[in-house]
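Novice: So that we are looking at the same thing, I have put the structure below in structure tokens.
The values are calculated or read from the model by the stated rules, or taken from the named source; none is laboratory data. Remember, it's a predicted structure, so these values are computed and weren't measured experimentally. So basically every Cβ, Gly included, is an ideal-geometry build from the backbone, and we count neighbours across all protein chains shown. In case anyone asks, the SASA skips ligands and DNA or RNA and just uses the protein heavy atoms, side chains included. Shrake-Rupley method; radii C 1.70, N 1.55, O 1.52, S 1.80 Å.
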Amino acid sequence: MSCWNDEWQERVGSVTAAFERLPDAERKTMKGLARGMVAHKEAMQRIVAQVDAAGSCAGCGGACCVSGRYHFGAADLLVYLATKRPLFAPRFENGLCPFLGEGQCLIPAGYRPFNCITFNCDLIEERLSQEEVARFYGMERELKKLYTEIRSLFPTRSMDGPLL
């Protein structure tokens, strides 16, 4: 598993270097976008928390997390860097999603990758009102725009895709 860790460290270093090369004006823009993205994701998480999404996930063992392995992308790392939040240590040896800790995600809700924060299984979605579902998917569209704005601060396609 050390090859995954080596690749992770290499990509983290590359994205960090790109962030550090940002001119001051773009870095300030990036910080504002990062704070907005964290708040936006936390608001999305609050919607599903109303119907005990965490309990549902714990009940099934996070089956979707096992399937969606490496969605943490360069843009997600940039949010960590811009907000100066210490980066988690992936658990590549666990045989599951490397971002799963002991029964929970290693990544705080406001910093989770797009796929992780926007995916609701049927069990969760069925518990939400139609209005909340519509609100959630409207917020998903807004979140896509935030990702696009963050990526636009860097050379074309250099911050697309997962880190691994």
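Novice: Along the positive direction of the dipole of the chain (beta-carbon charges: Lys, Arg +1; Asp, Glu -1; about the Cα centre), which of Q130, I107, M37 reaches farthest?
Specialist: Projecting each Cα onto the dipole axis, the largest value belongs to M37.
Novice: Residue separation times 0.36 nm, minus the C-alpha to C-alpha distance between W4 and A134: what's the value?
Specialist: Numbers: separation 130, 0.36 × 130 = 46.80 nm, distance 3.79 nm.
Value of the extension gain: 43.0 nm.
Novice: Using a 1.4 angstrom probe on heavy atoms only, work out the carbon and sulfur share of the accessible area of region 82-132 in %.
Specialist: Values: 1420 of 2900 Å².
Carbon plus sulfur share of accessible area: 49 percent.
Novice: Relative to the first principal axis of the alpha-carbon coordinates of the chain, what is the inclination of helix 74-83, with its axis defined by its Cα atoms, in degrees from 0 to 90 and to the nearest 10?
Specialist: With rounding to tens, the tilt is 80 degrees.
Novice: Still on this structure, please answer the following. Using the Karplus curve 6.51 cos²θ - 1.76 cosθ + 1.60 with θ = phi - 60°, work out ³J(HN,Hα) for each residue of region 6-19 in order, rounded to whole Hz, and write x for Gly and Pro.
Specialist: With the stated coefficients, region 6-19 comes to 4, 5, 4, 4, 4, 5, 4, x, 5, 5, 4, 5, 5, 4 Hz.
Novice: Continuing with this model, one more query. Given the chain, what whole percent of its Cα pairs are spread farther than 19 Å?
Specialist: Values: 7508 of 13366 pairs.
When all Cα pairs of the chain are counted, 56 percent exceed 19 Å.
Novice: Rounding to the nearest 20 debye, state how big the charge dipole of region 1-53 is about its Cα centre with +1 on each Lys and Arg Cβ and -1 on each Asp and Glu Cβ. Show your work: numbers first, answer last.
Specialist: Values: 8 positive and 8 negative charges, 69 e Å.
Computed about the Cα centre, the dipole is about 320 debye.
Novice: Something else: Using 1/(1 + (r/R0)^6) with R0 = 22 angstrom and r between the beta carbons of K84 and S14, what's the FRET efficiency to the nearest 0.05? Could you put the intermediate results ahead of the total?
Specialist: On the way: r = 19 Å, r/R0 = 0.85.
The value I calculate is 0.70.
Novice: Also: Per the chain: cysteines with no other Cys C-beta under 4.7 angstrom?
Specialist: Taking the Cβ cut-off of 4.7 Å, the unpaired cysteines of the chain are C3, C57, C60, C64, C105, C116, C121.
Novice: Quick check: residue separation of D122 and A39 times 0.36 nm, minus the Cα distance between them. What number comes out in nm? List each step's numbers first, then the result.
Specialist: Details: separation 83, 0.36 × 83 = 29.88 nm, distance 2.49 nm.
Value of the extension gain: 27.4 nm.
Novice: I would also like to ask the following. Extending each Cα 7 Å along its Cβ direction at Q104 and K144, get the distance between those two points in nm, one decimal.
Specialist: 3.2 nm
Novice: Any chance you could check the Cα centroid distance between region 11-66 and region 88-116 for me, in angstrom?
Specialist: That distance is 12 Å.
Novice: So between D24 and L96, what do we pick up on full extension, going 0.36 nm a residue minus the alpha carbon distance?
Specialist: Numbers: separation 72, 0.36 × 72 = 25.92 nm, distance 3.90 nm.
So the extension gain works out to 22.0 nm.
Novice: In whole Hz and in residue order, list the ³J(HN,Hα) couplings for region 144-150 that follow from phi through the Karplus curve 6.51 cos²θ - 1.76 cosθ + 1.60, θ = phi - 60°; x for Gly and Pro.
Specialist: Calculated HN-Hα couplings, in order: 4, 5, 4, 4, 4, 5, 4 Hz.
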